[in-house]
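The values are calculated or read from the model by the stated rules, or taken from the named source; none is laboratory data. None of the values given here were measured: they were computed from a predicted structure. Here the Cβ positions follow ideal geometry from the backbone for every residue, glycine too, while neighbour counts run over all protein chains shown. Accessible surface areas use protein heavy atoms only, side chains included; no ligands, DNA or RNA. Shrake-Rupley method; radii C 1.70, N 1.55, O 1.52, S 1.80 Å.
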Amino acid sequence: MVINKPSGLICSAFLLINIFSACRNSKSDAQAAFYYWKTDFNLTGKQQSLLKEVAANRLYVRFFDVVWDTRLNQSVPRAVLKASDISKDLKIIPVVYLTNQVFESTKKGPELDSLASRVNREILHLAEKAGVHYEEVQIDCDWTVSTRPAYFSFLSLFRKYTGKKLSATIRLHQVKYPERTGIPPVDKGILMFYNMGKISADPKLANSIYNIKDASRYLQRVRYYHLPLDVALPLFSWTLQIREGKVIQLYAKITRKELSDADRFTKTKYQDVYRARKSFFTGGVYIKENDLLKLEEINKNTLKEAALQLTSELAVLKKRNIIYYELSSENAADFDAKDLQEISSYF
């Protein structure tokens, strides 16, 4: 991670984080969990081991997305989970992602009531099929000021249908400007502590997934947010493919290992930015000669820095959930159980 010439404010932040880390109580009540975002539910041996050792088998599973179908002029499920007979040892929390367009197009009371009812029925159907008994549902939506009324109405209606504990994801901009974006009518929020910078072709810019400077811009008011907050931390990394000064794609499967191939890439003067020596295909991806590949990586040190920065700002909460996104990512395999146990203990 590159931070050019930290200001006095940022240096002070580092000092405060270090003091907090030294003085904090070593006993943590935090509970760890993972997200699982793939459509096909199939855990590898490594994933099962990590899930058991780090999170006592607690797994937030995306059951499906809800998108707006312009052809049908209605909301429809997409990326529906394919799973049956999930192990009874796993503690599953269903997650449903709804696009903002759904709430731009679904505004009337009866339509929202129907949407809430249909989402609940689909969760029940998939849970029964997979043999899952759940006590909580999580809703994921990056709502805006304009979609806030429809989204909040949906949450209230859905809460009545599900009868379960209800949580919702909270983006950093929603924490920073609660008077504009509002506080969702749920039992708990999940602060998504990643994707805070600008995805840019500028090789000088810091890691857009997490960097302490961008993060500090959002945290001044987080302790005063009028909702208990769990935390989602990133376990993913990606590589930006830059051609002629524009980002043309993000790739999760192009890692430091691939970029270290000296026959194909050469390092630039910028940290974690590589230039293609020639044109070639890798893993089905076309790399053109002189393309820049900018690695934005989350490793143990980055994750520790993020956790310590955030814990110094959060309001006290007993048994906070620390949810790692996500178990099936390529990058998650690089973390050992002890690394994530240590990160969780900071909360």
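Restricting to the stretch 157-170, count the residues that are open to solvent by 10 Å² or more (accessible area, probe 1.4 Å) and under 19 Å from Gln101 (Cα atoms). Spell out the reasoning first.
Residues of the stretch 157-170 that are open to solvent by 10 Å² or more (accessible area, probe 1.4 Å), as a first pass: 157, 159-165.
Restricting the remaining residues to those that are under 19 Å from Gln101 (Cα atoms) gives 157.
Total meeting the criteria: 1.
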**Complete:** The one condition His173 fails out of (1) outside any helix (DSSP H, G or I); (2) under 13 Å from Val222 (Cα atoms); (3) of a type outside the set (Val, Ile, Thr); (4) open to solvent by 10 Å² or more (accessible area, probe 1.4 Å) is (1)
**Enumeration of residues in the stretch 314-347 that are hydrophobic (A, V, I, L, M, F, W, C) and either closer than 25 Å to Trp238 by Cβ or crowded, with 22+ Cβ neighbours inside 10 Å (or both)** = Ile322, Ile323, Leu327, Ala332, Ala333, Phe335, Ala337, Leu340, Ile343, Phe347
**Message:** Exactly one of these conditions fails for Ala116: (1) in a strand (DSSP E or B); (2) within 22 Å of Gly163 (Cβ to Cβ); (3) of a type in the set (Gly, Ala, Ser). Give me its number.
**Reply:** (1)
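Of Phe14, Phe20, Phe34, Phe103, which residue is assigned to a helix (DSSP H, G or I) and either at pLDDT 95 or above or open to solvent by less than 60 Å² (accessible area, probe 1.4 Å) (or both)? Walk me through how you get there before you give the answer.
Working: Phe14 fails: either at pLDDT 95 or above or open to solvent by less than 60 Å² (accessible area, probe 1.4 Å) (or both); Phe20 fails: either at pLDDT 95 or above or open to solvent by less than 60 Å² (accessible area, probe 1.4 Å) (or both); Phe34 fails: assigned to a helix (DSSP H, G or I).
Going through Phe14, Phe20, Phe34, Phe103 in turn, the sole match is Phe103.
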**Asked** Can you pull out the residues in the stretch 129-148 that are farther than 20 Å from Arg62 by Cβ, surrounded by 14 or more Cβ atoms within 10 Å (Cβ to Cβ) and touching a residue at least 40 places away in the same chain (Cβ under 8 Å)?
**Response** Thr144, Thr147
**Fill in**
Reported set for the stretch 193-204 where residues are buried (at least 19 other Cβ atoms within 10 Å of the Cβ) and without any contact (Cβ under 8 Å) to a residue 60 or more places away in the chain is Met196
**Asked** Given the structure, is Leu126 of a type outside the set (Ser, Thr, Tyr) and either within 21 Å of the chain's Cα centre (by Cα) or surrounded by fewer than 19 Cβ atoms within 10 Å (Cβ to Cβ) (or both)?
**Response** no
**Prompt:** So, in the stretch 88-100, of the ones that are without any contact (Cβ under 8 Å) to a residue 60 or more places away in the chain and open to solvent by less than 20 Å² (accessible area, probe 1.4 Å), which residue ends up farthest from Phe34 (Cα to Cα)?
**Reply:** Leu98
**Message:** Being closer than 30 Å to Lys188 by Cα, open to solvent by less than 50 Å² (accessible area, probe 1.4 Å) and part of a loop (DSSP other than H, G, I, E, B) is the filter here; which residues of the stretch 223-272 pass it?
**Reply:** Tyr225, Leu227, Leu235, Phe236, Ser237
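Just one of Lys278, Lys294, Lys304 is farther than 13 Å from Leu235 by Cα and open to solvent by 70 Å² or more (accessible area, probe 1.4 Å); which is it? So that I can check it myself, show each step before the final result.
Details: Lys294 fails: open to solvent by 70 Å² or more (accessible area, probe 1.4 Å); Lys304 fails: farther than 13 Å from Leu235 by Cα.
It is Lys278.
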**Request:** For the stretch 250-258, indicate whether the set of residues that are within 19 Å of Asn211 (Cβ to Cβ) and free of Cβ contacts under 8 Å to residues at least 40 places away in the same chain is non-empty.
**Result:** no
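Every residue in the stretch 160-180 that is over 19 Å from Asn321 (Cβ atoms) and either in contact with a strand residue (DSSP E or B) (Cβ under 9 Å, 6 or more places away or on another chain) or of a type in the set (Phe, Trp, Tyr) (or both), please. Step through it out loud before you land on a result.
Initially, the stretch 160-180 is screened for residues over 19 Å from Asn321 (Cβ atoms), giving 160-161, 163, 173, 176-180.
The answer is Tyr161, Tyr177.
Tell me, please, whether a residue that is over 17 Å from Ala315 (Cα atoms), small (Gly, Ala, Ser) and not in a strand (DSSP E or B) can be found in the stretch 181-199. Before you say what the answer is, go through the steps one by one.
Step one: filter the stretch 181-199 for residues over 17 Å from Ala315 (Cα atoms), giving 181-182, 184-186, 194-199.
Narrowing the set further to residues that are small (Gly, Ala, Ser) leaves 182, 197.
Remaining after also requiring not in a strand (DSSP E or B): 182, 197.
Yes, there is a match, as at least one residue in the stretch 181-199 is over 17 Å from Ala315 (Cα atoms), small (Gly, Ala, Ser) and not in a strand (DSSP E or B).
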**Message:** Anything in the stretch 285-327 that is among the small types (Gly, Ala, Ser) and in contact with a strand residue (DSSP E or B) (Cβ under 8 Å, 6 or more places away or on another chain)? List them, or say none.
**Reply:** Ala306, Ala307, Ala315
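Report, by residue number, each residue of the stretch 56-86 that is of a type in the set (Lys, Arg) and assigned to a strand (DSSP E or B). Reasoning before the result, please.
As a first pass, look at the stretch 56-86 and keep what is of a type in the set (Lys, Arg): 58, 62, 71, 78, 82.
Across the stretch 56-86, the qualifying residues are Arg58, Arg62, Arg78, Lys82.
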